[in-house]
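The values are calculated or read from the model by the stated rules, or taken from the named source; none is laboratory data. Here the structure is a predicted model, which means the values were calculated and not measured. Backbone-built Cβ (ideal geometry, glycine too); neighbour counts: all protein chains shown. To get the accessible areas, we keep the full protein, side chains included, count just its heavy atoms, and leave off ligands, DNA and RNA. Shrake-Rupley method; radii C 1.70, N 1.55, O 1.52, S 1.80 Å.
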Amino acid sequence: MAKRRPAFSPLLITPIILIGVPLAMLAYEVRRTGLSYGDVLARIARQSQEGEAQEVQAGFGKAEKIDFLGPQPIGFPPRGHEKPTIAHVAIYDLDQDGLKDVLVCDVLHRRVTWIRQDPANVYTETQIGDEVAGPAHVEAYDMDFDGDLDVLVSSMGVILPNNDRIGKAIIFENDGQQNFTTHVLAQRIARVNDMRPGDLDGDGDIDIAVGQFGYDQGEIRWMENKGNWHFESHTLLNLSGTIHTPVVDLDNDGDLDIVALVSQEWEEVYAFENDGKGSFKTRLLYGVADADFGSSGIGLADLDADGDTDILWANGDAFVATDYRPVPSHGVQWLENCGGMNFVFHRLGDFPGAYDPCAADLDGDGDLDVLAVSGFNYWERPGSQSMMWWENLGEHKFVGRNLAEAPTHLITCDVADMNGDGKIDVVTGSMNLYPPFDRMGRVTLWLNTWNESRNN
């Protein structure tokens, strides 16, 4: 009687394992992150090249310093020996009296505050809303269309690395007299780092794009407004390390997309392309093959004045570095929007501990310059800069200029004409996590004196 042959040859086992296991892992990663197969493969290829030199455009060098910002502290002064820990500042006219105010995330005192300008050039700080653990980001927007500005607060719980689900998405509802009622939209979730408002599904109300840093586990979601301060969450991406999730019409098709910066081992910039009805296509715009890159923030602006939105990108994070020290790759760059969700990387320049890039016409010449601050630097060394700007020379050329050496530990900034003189001023916040503390600040207003400076 003839022997029955095996259904398959043992020689096939090895190739099945060699092919099947990677495919299974690839499929798992696609399901876990929400990325396409192509984006996951592109990430793997990029990570395999880690350590190779990255081709960048190095801007246009550095030039002499021009002193045109005059600093003055505003708001509460530091008390005793405390080390101010400000996570975010944002400029709004909260009471809509025609004078710019400042909203502040004060981590040390677990609060969000309002530095009100009233009368002009006089600033008084008060707490708004309830206590908030680890306030990381604040935005103001009329969420309920009643004519006043409500306040969106991203609560991390704690700002230093933590895997606990201690994050909250919070809105302080304004009654029109700057009395606030707290609405917790989501809680016991991975640490929340950013909340940005916008009508994401085209139904006429205001939804929210949420970035959750987490630590080992984070995510990006959008929260659909169901009315009466109830929101339904929709997950877009399951990756830890999300820092910012600004909302903008990135592809000029008439609806709002979401841009996201994901740090930690990913170091990637994403777009979530909206179909206008709240369905999003995930697009990986750019990634860096350097797990120590230290992405720290993005900003949006039409930097080259070609009618679309470009992305400013800082890398200066050192929260988990030894002694909070910067690394050589720290600096500022921008992603040029070339249409069709295609972006080109341009390096502006090196800047240890770079944070919170923003665009503004600082010198009043009609184009957008770039400003950034430093949260992690060698503060014991003379000449270490806490703020720099890159002057726009046109034709994609920028020259870096030093701006300030004190106060130190600047981790956040915003720009606006604060005193109505037609020039762009700056507000910064300090997060004093490591010594030396001899040039500490808290919240600082920098008034622009460009014309006077250039004439002296």
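Observations, loosely collected:
- Strands (runs of 3 or more DSSP E) lying entirely in segment 390-456 (those with 1 or more residues that are of a type in the set (Lys, Arg)): 397-404
- Annotation note: Cβ proximity below 6 Å between a residue of segment 233-261 that is under 10 Å from residue 219 (Cα atoms) and a residue that is acidic (Asp, Glu) (sequence gap 6+ or interchain) occurs for 235/219; 238/219; 240/216.
- Selection status of residue 189, out of contact with any Lys or Arg (no Cβ under 7 Å at 6 or more places or on another chain), of a type in the set (Val, Ile, Thr) and touching a residue at least 12 places away in the same chain (Cβ under 8 Å): no
- Residue check, residue 371 farther than 19 Å from residue 442 by Cβ, surrounded by 24 or more Cβ atoms within 10 Å (Cβ to Cβ) and touching a Cys at 6+ places or on another chain (Cβ under 6 Å): yes
- Put simply, of 122, 153, 158 the only residue that is within 19 Å of residue 219 (Cβ to Cβ) and surrounded by fewer than 18 Cβ atoms within 10 Å (Cβ to Cβ) is 158.
- Enumerated strands (runs of 3 or more DSSP E) restricted to segment 243-306, each holding at least 3 residues that are farther than 18 Å from residue 137 by Cβ: 268-274, 280-287
- When segment 163-187 is limited to residues that are out of contact with any strand residue (DSSP E or B) (no Cβ under 8 Å at 6 or more places or on another chain) and open to solvent by 40 Å² or more (accessible area, probe 1.4 Å), the one that is nearest to residue 297 (Cα to Cα) turns out to be 163.
- Residue-level check: of (1) touching a Lys or Arg at 6+ places or on another chain (Cβ under 6 Å); (2) at pLDDT 95 or above; (3) among the small types (Gly, Ala, Ser), residue 136 misses just (1).
- First in segment 123-148 and polar (S, T, N, Q), second anywhere and modelled with pLDDT of 95 or more and open to solvent by 10 Å² or more (accessible area, probe 1.4 Å), Cβ under 6 Å, 6 or more apart: 124/116; 126/114; 127/111
- When segment 266-289 is filtered for residues that are open to solvent by 40 Å² or more (accessible area, probe 1.4 Å) and within 19 Å of the chain's Cα centre (by Cα), the ones remaining, listed by number, are 273, 283, 286.
- Answer residue from segment 390-413, given it is touching a Gly at 6+ places or on another chain (Cβ under 9 Å) and among the acidic types (Asp, Glu) and is least open to solvent (accessible area, probe 1.4 Å) among those: 391
- In segment 309-348, the residues that are surrounded by fewer than 17 Cβ atoms within 10 Å (Cβ to Cβ) and part of a loop (DSSP other than H, G, I, E, B): 319, 320, 321, 325, 328, 329, 338, 339, 340, 341, 342
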